[in-house]
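Have a look at the structure below before the remarks.
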Amino acid sequence: MRREPFFWITISCGLVIMAFILLPLIELMTAPSLAMLKETIQDKDVVRSIWLSIYTAGLAGLISFILGTPLAYLLARSNFRGKRLVEGVIDLPIAIPHPVVGIAILSVAGKNHWIGQVFSELGIRVMGSVTGIVMVLTFVGIPFYLNATKNGFEGISPRLEKVSRSLGASMFSTFFRITFPLAWRSMLIGIIMCCARAISEFGAVVIVAYHPMIAPVMIYERFEAYGLRYSQPIAVWLVSISLALFLILRLLTIRSPKEV
Amino acid sequence: MIAVQDLNISLPEFDLSDINLSIGESEFFILMGPTGAGKTVLLEAMAGLVPIRSGKIFIGERDITTLPPEKRDISLVYQDYALFPHLTVLENITYGLHFHRIDRAQSEVMLTRLLEILNLRHLQGRLPVNLSGGEKQRVSLARALMVEPRVLLLDEPLSALDPAFREEVRNAIKRLHQSSNATFLMVTHDFAEALSLARRAAVMNNGRIEQVGSIEDIFQRPSSTFVADFVGMKNLFTARFKGTKAVVRSLEIELGREPSDSIGYIAIRPEDIVISREAIASSMRNSFKAGVTGIFDQGFYYEVHVRAGEVTFKSLITKRSVFELQLREGTEVFVSFKSTAIHNF
């Protein structure tokens, strides 16, 4: 059968995009020699910064999970005046330029704002601290968690919850016995997306906390100070470790064929 | 028993107004009405799942209006089964036991009985995704009754099933009602279902109850034109069955088949009843001499009432036929219908 020109256009565009995404990444991953990679991972500063990146992103995911789940449920289950507005507010962090996020957070957490003053009274430091990094990462990551989880809840028929209630289960029991077991995959995907977004953040973090140095800031610093060759190995390690973590989490969400 | 008093509900696109309904202890009650009449909303309001604006709901003497759904002793069966997809058949059925203090031995007896009546024993370990529609609905019935509710609400439980399974599940519902103390309230569109299961029914339209009464009354003495239109099948009679014949008062009607019960109902659609001036020689097994007792203009059609012996038949015929047959009150006619046009329950 002769293919139509339209078919060839779709194929060619697809190939161009694949190449555009993959070529630089493959080039990056294969550039450093094994010796170079080994040397880099023995550098205590590098290990510390990669670890900091992973655990601050993980904390952002955890905070999103704890604080975001009830809101995601509310948005999935009820209609109220201003729901669209709330949904718009949730998507704001995706649209705002990253350095602006950092500046915005500092303007609330800084000494000139009463919240910042309360924080400093309590001994909480935001500027240049792990607290500040986690705050920024949660800010940029939480929309991804909320949207994925909301979609997950929407996919569960409210009738299942109604039947559960009629059989004697309270709202809490219903949530933990019915809703959560059916939605945990979406939640986990939400956490992965939230963490992935958080681990890639640079612009906002660099404003709030240059030190302690997360991996993207360190990559930038090495690039500035020593050039491409010295920044590549750290990038390779960061990308490999986070991809491996996400892959493991993603495997958990694959359904066995006998499940729905 | 369950009673609803002056119930009003306002939802964004829908209102229920002035609902009054009283269903007896252990009664089987049918709720009918077109799509969008508010039947599901009424059921969910009784179960406490929809907020109400005013009115009261009682179970027995107890006012349950402000109780949360889990404290009402009302179970639900939906058309789409609503089985918990992550739980096995057995876990679905026993789900409610987590929240009820029911003696273990007693619940074992209950479980055995339900598995028996609903023929679910061999399916206990399966997940819902591997069940047929009929099996799913049987599981959902078992799950609802396992907690021994005071009231069971069934929202079109048979509508989604293939005809082959429908009768099987209908019979199961009938057996369950006979062997339990619960009051059953079922929504259905199907009059054969209604007649075979219940004695009393209500017809809803547009968020209001149009008529409550015995099913026979609703058919024969509809209180509004809406109900009359809605029930459609206007010739409904109680009958005794003798061999292949149905005896309605003094009239012997040939069914051409032998019903399993000795007593029941027969129904004939008005458009299946033929009126003629002379006795017609045809394949119609039933032909009776009758007199016209009334002629009513229905727009495109006339509804003609004819009386044969002590039985009044309602027939729908065209204006032209009325004119050609020169029908008026008192005219002597023959009324005929095929035995295949007769439904018996």
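The values are calculated or read from the model by the stated rules, or taken from the named source; none is laboratory data. The model shown is predicted, which means the values in this text are computed figures rather than measured ones. Heads up, the Cβs are rebuilt from the backbone with ideal geometry, glycines too, and the neighbour counts pull from every protein chain shown.
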Please state which one of B:200, B:138, B:166 is surrounded by fewer than 21 Cβ atoms within 10 Å (Cβ to Cβ) and out of contact with any Ser or Thr (no Cβ under 6 Å at 6 or more places or on another chain). B:166
Taking region B:34-72 only, how many residues are charged (D, E, K, R) and more than 23 Å from residue B:99 (Cα to Cα)? 4
Consider residue B:206 against the criteria (1) touching a strand residue (DSSP E or B) at 6+ places or on another chain (Cβ under 8 Å); (2) closer than 11 Å to residue B:33 by Cα: it satisfies all of them except one. Which criterion is unmet? (1)
Having 2 or more residues that are over 30 Å from residue B:126 (Cβ atoms) and among the acidic types (Asp, Glu) is the bar; report the helices (runs of 4 or more DSSP H) wholly within region A:177-260 that clear it. A:215-226
Is there any pair with a first residue in region B:76-100 that is within 18 Å of residue B:173 (Cβ to Cβ) and more than 9 Å from chain A (Cβ to nearest Cβ) and a second that is assigned to a strand (DSSP E or B) and charged (D, E, K, R) whose Cβ atoms are under 8 Å apart and which are 6 or more apart or on different chains, and what are they? B:79/B:155
Do we find a residue being assigned to a strand (DSSP E or B), surrounded by fewer than 19 Cβ atoms within 10 Å (Cβ to Cβ), within 14 Å of another protein chain (Cβ to nearest Cβ) and within 25 Å of the chain's Cα centre (by Cα) anywhere in region B:39-57? no
Quick test of your reading of the structure: residue B:218 fulfils all but one of (1) surrounded by fewer than 21 Cβ atoms within 10 Å (Cβ to Cβ); (2) outside any loop (DSSP other than H, G, I, E, B). Name the failing condition by number. (1)
Regarding residue B:69, is this residue within 14 Å of chain A (Cβ to nearest Cβ) and over 21 Å from residue B:143 (Cα atoms)? no
Going through (1) closer than 30 Å to residue B:43 by Cα; (2) not assigned by TED's automatic domain parsing to the domain that holds residue B:33 one by one, residue B:218 fails only at (2)
Which one is surrounded by the fewest Cβ atoms within 10 Å (Cβ to Cβ), of the residues in region B:322-345 that are of a type in the set (S, T, N, Q) and more than 29 Å from the chain's Cα centre (by Cα)? B:326
Residue satisfying all of: in region A:149-167; facing chain B (nearest Cβ under 8 Å) and surrounded by fewer than 22 Cβ atoms within 10 Å (Cβ to Cβ); farthest from residue B:76 (Cα to Cα) among these: A:157
Residue selected from region B:283-321 under the condition among the hydroxyl-bearing types (Ser, Thr, Tyr) and within 16 Å of residue B:253 (Cα to Cα), by the criterion surrounded by the most Cβ atoms within 10 Å (Cβ to Cβ): B:287
Being hydrophobic (A, V, I, L, M, F, W, C), touching a Leu at 6+ places or on another chain (Cβ under 9 Å) and either buried (at least 20 other Cβ atoms within 10 Å of the Cβ) or under 19 Å from residue B:73 (Cα atoms) (or both) narrows B:131, B:118, B:127, B:158 down to just B:118
Out of all the residues in region B:200-226, which are at pLDDT below 90 and over 18 Å from residue B:16 (Cα atoms)? B:215, B:216, B:217, B:218, B:219, B:220, B:221, B:222, B:223, B:224, B:225
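With the structure loaded, tell me whether residue B:62 is within 26 Å of residue A:77 (Cα to Cα), among the basic types (Lys, Arg) and away from every other protein chain (no Cβ under 14 Å) or whether it fails that test.
Judged against the criteria, residue B:62 is not a match.
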